[in-house]
Amino acid sequence: MPVVSYEQAVENAKRVKADVARAKIYIARGDILKSVEAFISALTVKVGAPLAGSDKSVIEPQMAEFCEEFSNNYQVIEFLKSIDYTEKPFVKFRPGLDGKVLNKLTAFRLKKAAVEEEASKAQERERQAKLDELLTKGKELLDSGQAAKGKVMLKRAAEQFGSKDGVLSEVGKFMLDAGYPGDASEVLRQAMVSFPKDPASYKSYIEACLAQGKNEEAEEAYLNVIKVFGPHPQTYLNMSKFYLAWRKNELAYDYAQRAFGMDSSLTEAKQIMDRFG
Amino acid sequence: MAETTSDEDKIVSLLARMPMLKMFEREQLRQVLAYTKIRRYDLGDTIIEEGQNDQTLFFLITGNVYVVKNGVNIGEFSNTGDIFGEMSIIDGSVRSASIVAGGKSLCMSIAATFFENAGNEQQTLMCQNILFRAIAQILAERLRTMNEDNITLRKEIESLKSGR
């Protein structure tokens, strides 16, 4: 048995009491994992340096009470049933056998965490399968000319899974490729707000704006690209070409100059500059 | 925890799946059963307790077990044929961690005394054969893991050296 100083023993007792109290609070709140973690923490301290005197006589009954409460907890019983564990009570506090109680509760915690993780993975797989189905069917319907049905499916994918990285951008791209820039820009605008660091949605959004002749919106998006991703010669060249097509020659020249200034291998930028130079 | 020798055929079939027992005929595996114990555990049962100095070697047949120390999981065995509890047999040390069942699990155990004298000479040889194979398997696995770790570390060192 390890020897500890009086101060350390007092400190340990305090910690064990606090952990047991936390375990009781968590179980009352229905948070089984946190409850068992707190109790394991208490037991670990107790196993490392057994309590003595009045602390022992106060704390051990509290621990026994917790074990009883834990074993009779509805959620614990349901979980144990789900893994085909039927022995009752699940855990009983026996003074002197703290190590066994610690092991039992540790195994419970590990098993419950593993089962929860597996359930969460299964749920995620199910969600992914549902998303894949909506995207695939939606795209197929759009491509086969059944626009209304296809849009409904893709919009459902956007609504249900829009918080997932890349989904809105993908839905918007499908709509754009199928020739529905209006619907596409709506979804892509949402994508740019939700995932401002995803360059794909800006690219598709600009294409959608241009397809609808909405030059002001496209210009705003280009300026946002620079704001978000910083200056890039290719972006400047694209802007230059965009302004050229829009017949804003001064701006076309200005951006061609910026592009060429950053990358002198961009011959297209040079050609635009020469045209107005 | 209950010890049982029922469902012998089923257990023999499970034993036959263990890499180190593949060389044995079914009849020999039945003999193995005679001087080993088949133990059933359920969630939270302590199979090996930290600090104890019992000398028993365990083979996992089905289920999974956690290796725990101070309430922390430091490993897990979940494959048929996984061996645990060998250290105390090799060096006579006390158990350095606890092994706890992670659910319904079936294990085969052999007490160290059987490796010295399992009854007659043939049985003792068979026990020793199992022990040596078990140790060889453990050493091979650890060597493989260390080699893999070594390769990973070398790659990391190279990468650090080249500044990538």
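The values are calculated or read from the model by the stated rules, or taken from the named source; none is laboratory data. As the structure is a prediction and not an experimental result, all values here were calculated from the model. Every residue, glycine as well, gets a Cβ built from its backbone with ideal geometry; the counts of neighbours run over all protein chains shown. SASA here: full protein model, heavy atoms, side chains in, ligands and nucleic acids out. Shrake-Rupley method; radii C 1.70, N 1.55, O 1.52, S 1.80 Å.
Inspect all residues belonging to region B:41-50 and state whether any of them is over 28 Å from A:V76 (Cβ atoms) and assigned to a loop (DSSP other than H, G, I, E, B).
Checked region B:41-50: no residue is over 28 Å from A:V76 (Cβ atoms) and assigned to a loop (DSSP other than H, G, I, E, B).
Which one of the conditions (1) closer than 13 Å to B:L21 by Cα; (2) more than 15 Å from the chain's Cα centre (by Cα) does B:C127 fail to meet, given that it meets all the rest?
(2)
Any chance region B:10-28 includes a residue that's on the phi > 0 side of the Ramachandran plot, in contact (Cβ under 8 Å) with a residue 12 or more places away in the chain and not in a helix (DSSP H, G or I)?
no
State which residue pairs qualify: first residue on the phi < 0 side of the Ramachandran plot and inside region A:217-240, second residue open to solvent by less than 30 Å² (accessible area, probe 1.4 Å) and not in a helix (DSSP H, G or I) in any location, beta carbons under 9 Å apart, and separation of 6 or more residues or different chains.
A:P233/A:L266; A:Q234/A:L266; A:Y236/A:L266; A:L237/A:L266
In region A:262-274, which residues are free of Cβ contacts under 8 Å to residues at least 24 places away in the same chain and either assigned to a helix (DSSP H, G or I) or open to solvent by less than 50 Å² (accessible area, probe 1.4 Å) (or both)?
A:T267, A:K270, A:Q271, A:M273, A:D274, listed by residue number.
If the Cβ limit is 6 Å and pairs must be 6+ apart or interchain, which residue in region A:70-98 that is under 18 Å from A:K34 (Cβ atoms) pairs with which residue that is at pLDDT 95 or above and surrounded by fewer than 18 Cβ atoms within 10 Å (Cβ to Cβ)?
Matching pairs, first to second residue: A:F90/A:S71; A:V91/A:S71.
Please determine, by comparing only the residues of region A:113-133 that are small (G, A, S) and loosely packed, with under 13 Cβ neighbours inside 10 Å, which one is farthest from B:L43 (Cα to Cα).
Within region A:113-133, the match that is farthest from B:L43 (Cα to Cα) is A:A129.
Checking the condition within 14 Å of chain A (Cβ to nearest Cβ) and in contact with a helix residue (DSSP H, G or I) (Cβ under 7 Å, 6 or more places away or on another chain), which residue from B:N73, B:N53 passes?
The unique qualifying residue is B:N73.
Sort out which residues of region B:21-53 are surrounded by 17 or more Cβ atoms within 10 Å (Cβ to Cβ) and small (G, A, S), and write them in order of number.
Correct list: B:G44 only.
Taking into account only those residues within region A:209-250 that are closer than 27 Å to A:D183 by Cβ and of a type in the set (S, T, N, Q), which is nearest to the chain's Cα centre (by Cα)?
A:N224
Kindly provide the set of residues from region A:107-164 that are among the aromatic types (F, W, Y) and over 22 Å from the mean Cα position of the chain (by Cα), ordered by number.
Residue satisfying the conditions is A:F108 alone.
Residues are listed down the side, and each one gets a yes or a no for (1) surrounded by fewer than 19 Cβ atoms within 10 Å (Cβ to Cβ); (2) not acidic (D, E):
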site	(1), (2)
A:A9	yes, yes
A:I25	yes, yes
A:A28	yes, yes
A:L33	yes, yes
A:I40	no, yes
A:L51	no, yes
A:D55	yes, no
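Yes/no per residue for (1) assigned to a loop (DSSP other than H, G, I, E, B); (2) under 23 Å from A:V225 (Cα atoms); (3) open to solvent by 80 Å² or more (accessible area, probe 1.4 Å):
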residue	(1), (2), (3)
A:L135	no, no, no
A:K139	no, no, no
A:E159	no, no, yes
A:L168	no, yes, no
A:L176	no, yes, no
A:E186	no, yes, yes
A:Q190	no, yes, yes
A:V193	no, yes, yes
A:K203	no, yes, yes
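In region B:79-164, which helices (runs of 4 or more DSSP H) lie fully inside it and hold 1 or more residues that are within 19 Å of B:I38 (Cα to Cα), open to solvent by less than 60 Å² (accessible area, probe 1.4 Å) and free of Cβ contacts under 8 Å to residues at least 12 places away in the same chain?
Correct list: B:121-161.
Say whether the condition of being out of contact with any strand residue (DSSP E or B) (no Cβ under 7 Å at 6 or more places or on another chain) and among the acidic types (D, E) is met by at least one residue in region B:112-120.
The answer is yes; a qualifying residue exists.
Working only within region A:92-104, note down all residues that are more than 7 Å from every other protein chain (Cβ to nearest Cβ) and touching a Leu at 6+ places or on another chain (Cβ under 8 Å).
Those that are more than 7 Å from every other protein chain (Cβ to nearest Cβ) and touching a Leu at 6+ places or on another chain (Cβ under 8 Å): A:D98, A:V101.
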